[in-house]
1. If only Cα atoms are counted, what is the Rg of segment B:1-102, and what is its Dmax, in Å?
2. Kirkwood hydrodynamic radius, segment B:34-82, all distinct C-alpha pairs: what's the number in Å?
3. Anyone know which of B:Leu226, B:Leu182, B:Leu21 comes out most mobile in the 10 Å Cα GNM of chain B?
4. Rounded, prolate or oblate: which fits segment B:70-172, taking a ≥ b ≥ c as square roots of the Cα gyration tensor eigenvalues, rounded meaning a/c under 1.5, else prolate when a/b beats b/c?
5. Using alpha carbons only, how many degrees (0 to 90, rounded to 10) separate the axis of helix A:233-245 from the longest principal axis of chain A?
6. Taking one equal scatterer on every alpha-carbon of chain A, how large is log10 of I(q)/I(0) by Debye at q = 0.09, 0.10, 0.12, 0.16 1/Å?
7. Using label points projected 7 Å from each Cα along Cα→Cβ, tell me how many nm separate A:Arg229 and A:Asp76, to one decimal.
8. Taking the Cα atoms of segment B:143-302, report the difference between the largest and smallest coordinate on each principal axis, in whole Å and largest first.
Amino acid sequence: MTAADAAPVLELSGFRAGYSAAEPVVEGVDLALRRGSLTALVGPNGAGKSTLLKGMLGLTPVADAGRVRFFGTTLDAARGRVAYLPQRSEIDWSFPLRALDVACMGLYSRIGLFRRPGRDARLRAERALDLVGLAASARTPIDELSGGQRQRLLVARALAQDADLLLLDEPFANVDERSERTIAEVLQQLRAQGTTILAVHHDLATVRAYFDDAVVFHRRVIAHGPAGRTLSESTVARVFGLSSAAGEARA
Amino acid sequence: MDATEGISRANTVVALTGCALFGAVAGVVGTFVLARRRALLADVAAHASLPGVCLAFLAGEALGLGGRTPWLLLAGGSLSALLATWCVPHLSRLRGVGPDGALAVSLSFFFGLGAVLLSSIQSHESGAQGGLNHLLFGSAAATTRADLLMLAVLALVVLAVVAMLFKELAAIAFDEMHARVLGLPVRRLDLVLLALLVASVVAGMQVAGIVLVVAMIVAPAATARLLPGSLTTVIALAASIGAGCAVCGVLLSLRYESLPTGSAMTLCAGALFMLTTLVLAGRRWRGATPSTPADAAGRAGA
C-alpha cells in the first residue's frame, strides 16, 4: 500500500479516540496513507468517522497522540502542513465576517501572532476563492452565502493554507450540484499536485467517481484499498448491515 | 464620597465619563464574550467578585489605605472572580453536575459568601460610608476620580489587546476547531479574554452593580450583532451602544434619585435590544427589506 519512495503521510497504529477513556468511540485503528492518495472514509452513521478525524488532530478529550504520525513526525511538528475542514454545521455562520476574511484564516498560523493579514495573504486567499468559484463573493458576508457556497468557502480556507495533507469532514454534505462538481475537481487537482486527501463521505454512489481509494470504517478500519475493490458488495453489506442490526444506521 | 456630594457638576462629569468608558469597554469585550458563548461565565465572574471586593475593602481598612481604594478592590474582586471561573470546569466534570449546574453552583456559592461579608461590613459604620452599599445595583454618583482613572486605563488596555489579538480572537470565536488545528494558542487566548472580561466586570461594578453588570456586557454586543456589518463595525457599534446606554442610565438615575444607575443603564440596554429586534422583525414582516440572499439561499440549500 505504501509507495516505495516515501514514508506514509499519515500513519495510525492501534489508535484510540473518543469522549471517555472507558468507552472510546474508535479503537485499534490501523491506517497508512501514501503521498498523493485521494481517499474516502466511508461507514454507517455512528461509525466514528468524524471522531477519527478529530481524534487524530487532538480535538477530542481522549486521543492517543502517540499513535498518530504525520509525515513521520508528531502533529505539533507537522502543524501548518495539515489542514482540517470541519462539518459545515459546526460553525457559527452568523458571525460578522466576509468570505475573504474566512479564506484568510487558513493563513493565520503563517502570519503569526499580533500581525494583520497583509497584501500577500489577501492575494493568496483571493486565489483560493477563485479556485472554488467564489471570486465574485469575496466581499460577501458569510451569512448571505448558500450552503454550497459556504462549503466551497471552507475548501478555499483549506486551500489557502497550502497544506500537504487535507482532512475533510463531509465536504459534499448537502451541497448543490455545482458546488459538488467544483469541490470534486479541486480535490482531483490537489491530488495531481501531490496533496494527500482523506475525506469523510457518505454517498456510496459517488465514491468511485470522486475518490481513488476507500477506507471502510466502523470503529476501526474494516477494509482499505482501491475504491472499486474495497467497496465490494460483501464488505458494504457486512459493515452497513452490522450497524443497522445495531440500530445505528438509517435505511 | 456620599450621595449629596455626587450631584455637583464636576462629579456629574466624572460619573458620565466613567460610565461611558465602562459602557464602551463592556461592548467591545462583550462582542467576543458573546461570540465565544461565555455570557453566563461573565455572570459568574461578576457575582463571584463580591467576596473578593469585600475582603479587599477590609484589607484596605486594616492597612490604613481606606476601604474604597479602586486598585485594591479591582485586585480582590478579580482574584475571587477568577477563582470562581476556574472552579467551573472542574465542578462540571463531577458526576451529575454538568456545565450549567457548575455555573449555578459557583455563582451562588461565591455570591452567598460575598453577601455575608457585605452585610457584616455594612453593619460597621465605615462600610456604609465607604460606598460599598451601592455595590449590588451600582451608583454612578459614587464614582471618584480614582475610579475614572482606573476605567480609562482599563479602556486603553482592552483596546490595545483587542487590536493586537484581533485576528486570533476572531478565529477562536468563529471556528475553534480550525484554530486549534492551525496551532493557535486557544487556551491562552481564552485566558486573555477571561482576564479582560473579569477586569471589565470588576471595574464596572461600582457603576453598573454586581447583579446587573453582565447585562452591559451582553446586551450592547447582542444588539450590534443584530445589525449587518463587518466584525470591526460590530465592535464599534457595540462600544457606542454600551457607552450611550451607560450615559442614559446615569442621566436617568440623576433625575430619579431612587433609581440605581446599574438598573437604569441595564434597562436602557435591554430596551434598545428589544426595540431593535422588533424593528427588524417588523421590517421583515412588512417585506420592506426584500429577503436577504442568505434567507433565500438558506432555504434552497438546506
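1. Both quantities, over Cα of segment B:1-102: 17.3, 56 Å.
2. Working: mean 1/r = 0.0902 Å⁻¹.
Evaluated on segment B:34-82, it is 11.1 Å.
3. Largest GNM mean-square fluctuation: B:Leu182.
4. On the way: a/c = 3.07, a/b = 1.10, b/c = 2.78.
It is oblate, given that a/c is not under 1.5 and a/b is not larger than b/c.
5. Taking the Cα atoms of chain A, the angle to A:233-245 is about 90 degrees.
6. Relative scattering, expressed as log10 I(q)/I(0), comes to -0.39, -0.48, -0.70, -1.24.
7. 4.0 nm
8. 56, 47, 22
Values in this text are rule-based calculations from the coordinates and carry no lab data. As the structure is a computational prediction, the values presented were derived from the model and not from experiment. Note that each Cβ is placed from the backbone with ideal geometry, even for glycine, and that neighbours are counted across all protein chains shown.
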